[in-house]
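Student: If you scroll down you'll find the structure; I have some questions about it.
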Amino acid sequence: MSKELTSRNEDYSQWYNDLVLKGGLADYSAVRGCMVIKPYGYTLWENIRDVLDKMFKDTGHVNAYFPLFIPKSFLSKEADHVEGFAKECAVVTHYRLKNDPEGGGVVVDPEAKLEEELIVRPTSETIIWNTYKNWIQSWRDLPILVNQWANVVRWEMRTRLFLRTAEFLWQEGHTAHATAQEAIEEAEKMLEVYATFAEDYLALPVVRGVKSPNERFAGAIDTYCIEALMQDGKALQAGTSHFLGQNFAKAFDVKFMNKEGREELVWATSWGVSTRLIGALIMAHSDDNGLVLPPRLAPFQVVIIPFISKNPEETAALKDKAEEIKKALKSKGLRVQVDDDETKRPGFKFAEYEMKGYPIRIVIGPRDLANGVVEVARRDTKEKQSISIEGLDVSIENLLKDIQDNMYNKALQYRDQHITLANTWEEFIDILDSKTGFVSAHWDGTPETEDKIKELSKATIRCIPLNNTLEEGKCILTGQLSKQRVLFARAY
RNA sequence: CGGGGUGUAGCGCAGCUCGGUUAGCGCAUCUGGUUUGGGACCAGAGGGUCGCAGGUUCGAAUCCUGCCACCCCGACCA
């Protein structure tokens, strides 16, 4: 099998698919729309999860777990919520199989029909708020700051590895508060956690913003989001947090006694990021040679490849030195792998680890050994240099930092160059078609206009940036008065 | 659900139009040897319900009928 990647220019979608498959992150599965996350991809997810989990705990949250199944009636209690999700729910109708009397293997036992169907959670607001009703009586029970790591199912018509699959892994935070103000602050705080994570770990610059009504989460008062830009100029929502107001408290009758002795409805938030972040990571940084992973999240940060020599003693010395370097780097807390497989040639290994996006490759051959150096190649720029083995641990630590920063800055530069102002409809369309990226333009604020723009241009309002500067202008489509520009883009 | 396409070895494909040896090629796999500073080479070997079911025929991967699955485009989609 050729390991050649489709190039980005040739076919961006195919490049992405090739990368996921050949980079060893995931495979297609026997189930339509569902993927197998392979160990390498799952390690990446674990690294993302571990960092976020710590960030959540540091902001006072605790983990819990709620059921996979939700009674159908729960979903319908919040009108907007059910409307948003009903079309993509998997439904469990029976609880037993039996042998086919006609000999066709097992069939659903019609006798075992559920009294009330269960839906497989597309998100957990309903089951959680049904539970919170029992947890909350007094202002003393608030706030509740709970997160869960879970899988959810959304029966999408069209799926793409990591970006949109029928089943995916995510975390969902669900908090309950005594006041609207506190809930809004929570939603904003968690958005900032996501933004910080994206920038500091994924090396992915994001725009923090608020969704327009059309793009709002089903059941939310306000949806905050972080929006990132991919290398093909399309936007990707990388995370969201929602101020849910009292919608779910009303739907599930969740009230508390306040300090004045009056009953009040509880205020809510929810927030989540998913394995989609892996898709974002891939599309933001990788190149035609394979994945490019940020050092802070890469499953392995360094691979050490000792050359295999004709002389067994020399080979042994090279391997020993490789292990010695590994040990030194590991003692600095780095994730390091040695590849001393004698059956594969160096060139093959180089290509392989480039495909998998290891940030640094260290090669050690007889010449290097004699000179007390190693060849260090960085994945992001593909530059190679000779570095002294003496003090190598510090050099590598610094280089990893540099790679992380460089990846961020490169993505930031691309992003900033792809936020373009448009003042006329012609400009707007032209930017979307040729330059791509975000278009900053005036919009009259109505859902009708937003729909029309989407219909005509395929672009949606990605967000209204937080702390947006107010500026009088005219709607790009209708010419109506507008108070501010919003960010449009074609999106995943 | 509309429009288009594809099902032949683990992967990628040829063969089908016009039925006829033992169904072939590349990659991968296994064995042996030579190699090893950017995806090695030589020799040998293993691996197939030709998507499924039926039909036509002396004979079907190839022709006919039905079914199934998957992919792409669209509709849909925090």
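Student: Compute and list, largest first, the equivalent-ellipsoid semi-axes of the range A:115-162 from the alpha carbon gyration tensor, each √(5λ) rounded to a whole angstrom.
Tutor: Equivalent ellipsoid semi-axes, largest first: 30, 16, 7 Å.
Student: May I pose another question? How high is the relative contact order of the range A:12-285, given as a whole-number percent (alpha carbon pairs under 8 Å, six or more residues apart)? Please list the in-between numbers first.
Tutor: On the way: 509 pairs, mean separation 52.0, N = 274.
Answer for the range A:12-285 is 19 percent.
Student: Let me ask something else about it. Among A:GLY333, A:ILE136, A:VAL254, whose Cα lies farthest out toward the positive end of the dipole of chain A, if unit charges sit on the beta carbon of Lys, Arg (+1) and Asp, Glu (-1)?
Tutor: Positive-end residue among those listed: A:GLY333.
Student: Please give the net charge around A:MET257, taking every other residue with its beta carbon less than 11 angstrom from that of A:MET257, where Lys and Arg add +1 and Asp and Glu add -1.
Tutor: In short, 0.
Student: Kindly write out, for the range A:213-229 in residue order, the coupling ³J(HN,Hα) from the Karplus curve 6.51 cos²θ - 1.76 cosθ + 1.60 (θ = phi - 60°), rounded to whole Hz, with x marking Gly and Pro.
Tutor: Per residue, the Karplus-derived 3J(HN,Hα) values read x, 4, 9, 5, 4, 5, x, 9, 7, 9, 10, 9, 8, 10, 10, 10, 10 Hz.
Student: Please state, rounded to one decimal and in Å, the Kirkwood hydrodynamic radius that the range A:298-405 gives when every pair of distinct Cα atoms enters the mean of 1/r.
Tutor: In the range A:298-405 this quantity evaluates to 13.7 Å.
Student: Among A:LEU52, A:LEU421, rank each residue by its count of other Cβ atoms within 10 Å, from fewest to most, as a rough exposure measure.
Tutor: If I rank by nearby Cβ atoms, fewest first, I get A:LEU421, A:LEU52.
Student: Per the helix-only calculation at 222 nm, which mean residue ellipticity applies to chain A, given -39500 (n - 2.57) for every DSSP H run of n ≥ 4 and division by its residues, nearest 500 deg cm²/dmol?
Tutor: -10500 deg cm²/dmol
Student: Still on this structure: Let me know the charge dipole size of the range A:105-189 about its Cα centre in debye, to the nearest 20, where only the beta-carbon of Lys, Arg (+1) and Asp, Glu (-1) is charged.
Tutor: Charge dipole, the range A:105-189, about its Cα centre: 300 debye, nearest 20.
Student: The range A:52-174: D in µm²/s via Stokes-Einstein (Kirkwood Rh, Cα pairs, 25 °C, 0.890 mPa s)? The partial results should precede the final answer.
Tutor: Values: Rh = 16.9 Å.
Translational D for this selection: 145 µm²/s.
Student: Give the aspartates and glutamates whose C-alpha is closer than 14 Å to that of A:LYS259, dropping any in the same chain fewer than 8 places away, or say none.
Tutor: A:ASP141
Student: In chain A, with Lys and Arg counted as +1 and Asp and Glu as -1 at Cβ, which of these residues, A:TYR65, A:GLY233, A:LEU244, has the Cα nearest the positive end of the dipole, that is, farthest along it?
Tutor: Among A:TYR65, A:GLY233, A:LEU244, the one farthest towards the positive end of the dipole of chain A is A:TYR65.
Student: Over chain A, what is the relative contact order in percent, taking alpha-carbon pairs closer than 8 angstrom and at least six residues apart?
Tutor: About 13 percent, as a whole number.
Student: Give the average over all directions of the projected area of the C-alpha convex hull of the range A:112-213, one decimal, in nm².
Tutor: 10.2 nm²
Student: Per residue, how big is the convex hull around the C-alpha atoms of the range A:12-285? Give it to me in cubic angstrom, could you?
Tutor: Given the Cα convex hull of the range A:12-285, per-residue volume reads 144 Å³.
Student: What dipole magnitude, in Debye to the nearest 20, does chain A give about its Cα centre under +1 on Lys/Arg Cβ and -1 on Asp/Glu Cβ? Kindly include the intermediate steps, with their values, before the conclusion.
Tutor: Numbers: 62 positive and 74 negative charges, 94 e Å.
Dipole magnitude for chain A comes out near 440 debye.
Student: Another one. Round to the nearest 10 and give me the degree value, 0 to 90, for the angle of helix A:39-58's Cα axis relative to the longest principal axis of chain A.
Tutor: Tilt of helix A:39-58: around 60 degrees.
Student: Using Cα atoms only, what is the angle between the long axis of helix A:346-356 and the major principal axis of chain A, expressed in degrees (0 to 90) to the nearest 10?
Tutor: Taking Cα atoms only, the helix is inclined about 10 degrees.
Student: Mind checking which of A:THR223, A:LEU466, A:SER386 is farthest towards the positive end of chain A's charge dipole, using Cβ charges of +1 (Lys, Arg) and -1 (Asp, Glu) about the Cα centre?
Tutor: Most positive-ward Cα: A:SER386.
Student: Using the alpha carbons of the range A:419-489, what is the convex hull volume per residue in cubic angstrom, as a whole number?
Tutor: Given the Cα convex hull of the range A:419-489, per-residue volume reads 73 Å³.
Student: For the range A:12-285, give the magnitude of the charge dipole about the Cα centre (Cβ charges: +1 Lys/Arg, -1 Asp/Glu; no others), in debye to the nearest 20.
Tutor: 280 debye
Student: Another question, if that's okay. Please report the base-10 log of the normalised intensity I(q)/I(0) for chain A, using a Debye sum with one equal scatterer per alpha carbon and no solvent, at each q in 0.06, 0.09, 0.11, 0.12 (1/Å).
Tutor: Taking Cα atoms of chain A as identical point scatterers yields -0.35, -0.74, -1.01, -1.14.
Student: What whole number of Å gives the distance from the Cα centroid of the range A:124-152 to the Cα centroid of the range A:1-73?
Tutor: Each part's Cα centre sits 27 Å from the other's.
Student: Sorting check: for A:265-278, A:5-18, which peptide has the highest mean count of neighbouring beta carbons within 10 Å, and how do the rest follow?
Tutor: The peptides rank, most packed first, as A:265-278, A:5-18.
Student: Additional query: Report, ordered by chain and residue number, the lysines lying within cross-link reach of A:LYS483, taken as a straight Cα distance under 20 Å and ignoring same-chain residues fewer than 8 apart.
Tutor: A:LYS211, A:LYS452, A:LYS474
Student: Stokes-Einstein diffusion coefficient for the range A:157-204 at 10 °C in a medium of 1.306 mPa s, Rh from the Kirkwood formula over Cα pairs: what value in µm²/s?
Tutor: The diffusion coefficient I find is 120 µm²/s.
Student: Could you state the angle between the C-alpha long axis of helix A:276-285 and the longest principal axis of the C-alpha atoms of chain A, as a value from 0 to 90 degrees rounded to the nearest 10?
Tutor: Between the helix axis and the principal axis of chain A, the angle is about 50 degrees.
Read the figures in this text as sums done on the coordinates, not as results from a lab. Computed from a prediction, not measured in an experiment: that's the story for all the values here. As a convention, Cβ positions derive from the backbone with ideal geometry for all residues, glycine included, and neighbour counts pool all protein chains shown.
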